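Working notes, structure below.
The values are calculated or read from the model by the stated rules, or taken from the named source; none is laboratory data. Note that this is a predicted model, so its numbers are computed, not measured. In this analysis, Cβ positions are derived from the backbone assuming ideal geometry, glycine residues included, and neighbour counts consider all displayed protein chains. We work out accessible area using only protein heavy atoms, side chains counted, and drop any ligands, DNA or RNA first. Shrake-Rupley method; radii C 1.70, N 1.55, O 1.52, S 1.80 Å.
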Amino acid sequence: MPPTRLYVGPTLRRLRRDRGLTQADMATDLEISPSYVALLERNHRPLTAELLVRLAQAYALDVTALSTHEGADETARLQSVLKDPIFADIDLPAMETGDLVTNFPGITEAFGRLYSAYQEGQLALADKGVEARMTRGLVTEAPDPVAESRRFLGARRNNFPALDDAGERLAQAIAGHDSLAGYFKARHGLTVRRLPASIMAGSTRRLDWHAREIRLDDEMDTASQRFQLAQQLAYLEMAEAIDATVADGDFATESGERLTRRALAGYAAAAVLMPYTAFARAAEQRRYDLEALARQFGASFEQIAHRLTTLQKPGDERVPFFFIRVDEAGNVSKRLDGAGFPFARHGGGCPLWNVHRAFRTPRQIVTQWLELPDGERFFSIARTVTAGGGGFGRPRVDRAIALGCSAEHAGRLIYTQDDASLSPDKATPIGVTCRLCHRAECTARSAPPIGRQILPDDIRRTSAPFGFSDG
């Protein structure tokens, strides 16, 4: 049997870029020509055993990191992109996709970047379109950093495989120590100290290089303290990967870029505390039982819910979830979409959704089937969470979070088993927001939908807040 040829173009190019090397730099290190490096990166030449050894020696690599075939991962990523409905009428055999990845890795990467830019553009147009309709054609051009960050995350379905891979490697390194604090001490010479809020002066976490300390507010619960330590570690050891991911976006404001970088650092922290492979396996085994997963990984309910929205690594996808966090006034403070849920980008959400009723039963999970006006159904899990507190008289904020998935995946969740009352046939009809919902008989409506003529009530008053013309 002839030996298997090893083509590692994308891996080699990523390795070189991560180390800030030019092709000429790598050629010098490997004692080959820059043109040969270029051929290797384009998969026009296989990697020989001799070069594999040189790479391992020159960059202190584990040989298996290069010898494992990455083509399958790249192919899975491309196939994931090609599932978009915009490509539905094009015949794209899996064999052709694999050939493209193998023979033209640069084109594959360029296509991925263009698709991400396209997704961001679509979300930006949606934002402007709704804003235009709600202001009678006057589009507000003032940049919104929060919307910028949400578009960046939404265009990528809140999934960043490079950060997941880096997080798993870092988690393995930490496993050799007794704790995160022990790793900080051994790796960075930093001591973790927990101090009263009065000394922290409004900070929950602070890195003091002069004192060689990471200081934490001791009123935070254990899960929050671990997360803050993991996020600080992400800033220290995953900064290059985070910055490279941010660089893939197009931000109009510095604040938008900073918010995105902070979100990615949080993503990286979760990837360290809940490594993708182990977490995805546990989620399936426990049928997405959030409270059981929280105990297994020493995380909070909200951290688990957030992490579940990220399990869309190409080739290893799990149930796609959406996530939203609201306060009692209905203000949205976080929104992530991995399930294609049409969130309201402006105005309030639907009051019939159980995320708003969760405040009536604090800390208890409530479930609900939802049906949108187009007939699409989703299953929603909601519960309140608390931020702050930790001491008598300390300020605290109660919010509700909802995690949901489409009907086709709901059967994989523990919350839908053995309960006849949780039938999709009994789904609650909701709208995205009143201005975009055309359910004329809804008694919970707060505003008329765009494009509908309101009837006078001189002679007849309907039970719904507004009566509409049939035209």
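State the percentage of accessible surface on region 142-298 attributable to carbon and sulfur atoms; use a 1.4 Å probe and exclude ligands, DNA and RNA. Don't skip to the end; give the middle numbers.
Values: 3400 of 7380 Å².
The value for region 142-298 is 46 percent carbon and sulfur by accessible area.
Taking R0 as 30 Å, what FRET efficiency do you get between ALA444 and ASP248 from their Cβ-Cβ distance, rounded to the nearest 0.05? Efficiency for this residue pair is about 0.15. Between the amide H of ARG157 and any residue lying 5 or more places away or on another chain, no distance stays under 5 Å, with hydrogens modeled in the peptide plane.
Would you kindly state how much longer the chain becomes between TRP209 and PHE111 on full extension, computed as 0.36 nm times their sequence separation minus their alpha carbon distance, in nm to one decimal?
Values: separation 98, 0.36 × 98 = 35.28 nm, distance 4.21 nm.
This chain segment gains 31.1 nm when fully extended.
Counting 0.36 nm for each residue step from ALA201 to THR462 and taking away their Cα separation leaves a gain of 88.4 nm. Computed from backbone phi, the HN-Hα couplings of region 166-178 come to 5, x, 5, 5, 5, 4, 5, 5, 5, 4, x, 10, 6 Hz, rounded to whole numbers (Karplus: 6.51 cos²θ - 1.76 cosθ + 1.60, θ = phi - 60°; Gly and Pro given as x).
Normalised by the number of residues in the chain, what is the relative contact order in percent for Cα pairs under 8 Å and 6+ residues apart?
Details: 661 pairs, mean separation 49.9, N = 471.
Rounded, it is 11 percent for the chain.
For THR428, the residues whose amide H sits under 5 Å from its own are TRP369, LEU370, GLU371, ignoring neighbours fewer than 5 places away on the same chain, with H placed 1.01 Å from N. Solvent-accessible surface (1.4 Å probe) assigned to ASP25 amounts to roughly 60 Å².
Rolling a 1.4 Å probe over the heavy atoms of the protein chains gives the chain an accessible area of 52 Å² per residue. Hey, of (1) 21; (2) 16; (3) 12, which did the structure itself give for percent of Cα pairs over 44 Å apart when calculated? Computed from these coordinates, percent of Cα pairs over 44 Å apart corresponds to label (1). Only lysine pairs 8 or more places apart, or on different chains, with alpha-carbon atoms under 28 angstrom apart are counted in the chain, and they number 5.
Packing, taken as the mean count of other beta carbons within 10 Å per residue, orders the peptides 265-277, 403-415, 304-316 from highest to lowest as 265-277, 304-316, 403-415.
So if each residue of separation counts as 0.36 nm, and I subtract the Cα-Cα distance between THR22 and LYS83, what length gain in nm does that give? Don't skip to the answer; put the middle values down first.
Details: separation 61, 0.36 × 61 = 21.96 nm, distance 3.45 nm.
Roughly 18.5 nm would be gained on extension.
Note on ALA407 and ASP99: the model spin-label points, each 7 Å out from Cα along the C-beta direction, lie 4.0 nm apart.
Taking all protein chains as present, what is the carbon and sulfur share of the accessible area of region 321-471, in % to the nearest whole number, probe 1.4 Å? Percent of accessible area from carbon and sulfur atoms in region 321-471: 48. Expressed as a whole number of Å, what is the distance separating the alpha-carbon centroids of region 296-324 and region 19-52? Comparing the Cα centres of region 19-52 and region 296-324, I get a distance of 38 Å.
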